[in-house]
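Have a look at the structure below, then the notes.
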Amino acid sequence: MRAVPVWRMDLQLKGQTAVVIGAASGIGRAIARGFEVEGCAVRGFDLRASEGVAITTGDVTDYSALRAFAADCGAVDHVVFAAGAGSGKFGFPFWNLEPGDWQRVLEINLVGAVNTAHAFAPALIARGGGTLLFLVSVAGQTGSQTDPPYSAAKAGLINFMQCAAKDLAPRDVRVNALSPGMVRTPLNEAVWAAAQARLPEAERQGYDSWAEEKIRKVSPLGRWQTPEELAAMAVFLASPCARNITGQTLNVDGGQVMHA
């Protein structure tokens with residue numbers, strides 16, 4: 001397989017400030033690093049600290065904590081919501097789950113994003129413009145049966161993104177959603193673990209073989225997506241190069257989601 005090339009262009013972000021919610025690992029950490037490479041000051045927010053990223057610890061379901069964090073950040077140009085969590089169970093069919101399995105998933109993936117938007121919208125408006133980006137999922141566009149609470153939460157977030165984009169456009173704040181496909185992250189590994197737990201031991205697969213088989217089934221390009229590829233799109237969407245892009249869901253998914 002050919003190495004993923006590294007693109008470099010002036011995105012005119014130097015000296016700006018970016019906030020990444022969910023910056024401790026996975027795609028969120030890659031996005032934080034992407035903004036740093038472009039010369040931005042980056043502040044992170046996550047449940048836990050992480051080396052290499054300045055992180056304030058807190059829970060996205062705690063609106064008061066996010067408001068305090070936003071106040072501490074001061075002037076902000078770009079906000080990315082990259083926090084996410086699944087149910088930890090395999091949801092096909094949906095009645096394998098209980099209604100009680102939904103609450104925490106909705107609180108983190110949807111209400112957490114709404115909390116973030118409420119906390120940072122005043123700063124973005126006061127700045128005279130900026131960007132707000134939500135990490136969603138191909139699951140939110142296809143009605144994925146793997147984890148219905150996660151799928152529904154991401155679908156709701158896509159809809160909220162569109163509402164926020166319309167509300168903030170007159171203030172020159174652009175709002176978009178970024179949708180990954182198959183990415184090696186702790187959340188993706190949790191999906192594998194939940195699926196294997198329901199199978200007889202003789203039928204279980206290792207993570208790599210399970211993932212490669214799934215990629216062959218769902219991705220026309222037949223390959224993983226990487227956190228760095230998502231980060232490249234995130235910083236592009238924050239830049240003046242994307243000044244006329246708002247209210248959109250951008251898929252970095254190897255062709256997994258295609259609309260006729």
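Quick notes on this structure:
- Among (1) at pLDDT below 95; (2) in contact with a Pro (Cβ under 8 Å, 6 or more places away or on another chain) - the single one W95 does not satisfy: (2)
- Filter result for the condition that a residue is in a helix (DSSP H, G or I), in contact with a Leu (Cβ under 6 Å, 6 or more places away or on another chain) and surrounded by 22 or more Cβ atoms within 10 Å (Cβ to Cβ), over L157, L124, L168: L157
- Going through (1) surrounded by fewer than 18 Cβ atoms within 10 Å (Cβ to Cβ); (2) among the hydrophobic types (A, V, I, L, M, F, W, C); (3) part of a strand (DSSP E or B) one by one, A68 falls short only on (3).
- Residues of region 227-247 classified as within 23 Å of L187 (Cβ to Cβ) and surrounded by fewer than 17 Cβ atoms within 10 Å (Cβ to Cβ), total: 1
- Checking each residue in region 171-180 for being among the small types (G, A, S) and either more than 27 Å from G100 (Cα to Cα) or assigned to a helix (DSSP H, G or I) (or both) picks out only A177.
- Number of the condition not met by A193 [criteria: (1) modelled with pLDDT under 95; (2) buried (at least 19 other Cβ atoms within 10 Å of the Cβ)]: (2)
- Conditions (1) under 25 Å from T226 (Cα atoms); (2) in contact with a Leu (Cβ under 9 Å, 6 or more places away or on another chain); (3) at pLDDT 95 or above; (4) among the aliphatic types (A, V, I, L, M); number of the one not met by I108: (2)
- Cβ separations smaller than 7 Å between residues 6+ apart or across chains give the following pairs from region 62-89 residues that are at pLDDT 95 or above to residues that are of a type in the set (S, T, Y) and surrounded by fewer than 22 Cβ atoms within 10 Å (Cβ to Cβ): F69/T56; A75/T17; V76/T17; D77/T17.
- Failed criterion for V80 (all others in (1) in a helix (DSSP H, G or I); (2) within 30 Å of R223 (Cβ to Cβ); (3) β-branched (V, I, T) hold): (1)
- Residues (polar (S, T, N, Q), part of a helix (DSSP H, G or I) and under 13 Å from the mean Cα position of the chain (by Cα)) located in region 181-202: N188
- Of all residues in region 4-55, those satisfying the criterion of being at pLDDT below 90 and either in a strand (DSSP E or B) or under 18 Å from L230 (Cα atoms) (or both) are V4, P5, V6, W7, R8, M9, D10, S50, V53.
- Considering only residues in region 127-143 that are in a loop (DSSP other than H, G, I, E, B) and in contact with a Lys or Arg (Cβ under 9 Å, 6 or more places away or on another chain), the one that is nearest to D59 (Cα to Cα) turns out to be V136.
- Note on region 56-65: among residues that are of a type in the set (V, I, T) and part of a loop (DSSP other than H, G, I, E, B), the one that is surrounded by the most Cβ atoms within 10 Å (Cβ to Cβ) is V60.
- Qualifying residue in region 105-121 (condition: assigned to a helix (DSSP H, G or I), more than 21 Å from I31 (Cα to Cα) and touching a strand residue (DSSP E or B) at 6+ places or on another chain (Cβ under 8 Å)): no
The values are calculated or read from the model by the stated rules, or taken from the named source; none is laboratory data. Keep in mind it's a predicted model, so treat the numbers as computed, not measured. Positions of Cβ are generated from backbone atoms using ideal geometry, with glycine treated the same way; all protein chains shown enter the neighbour counts.
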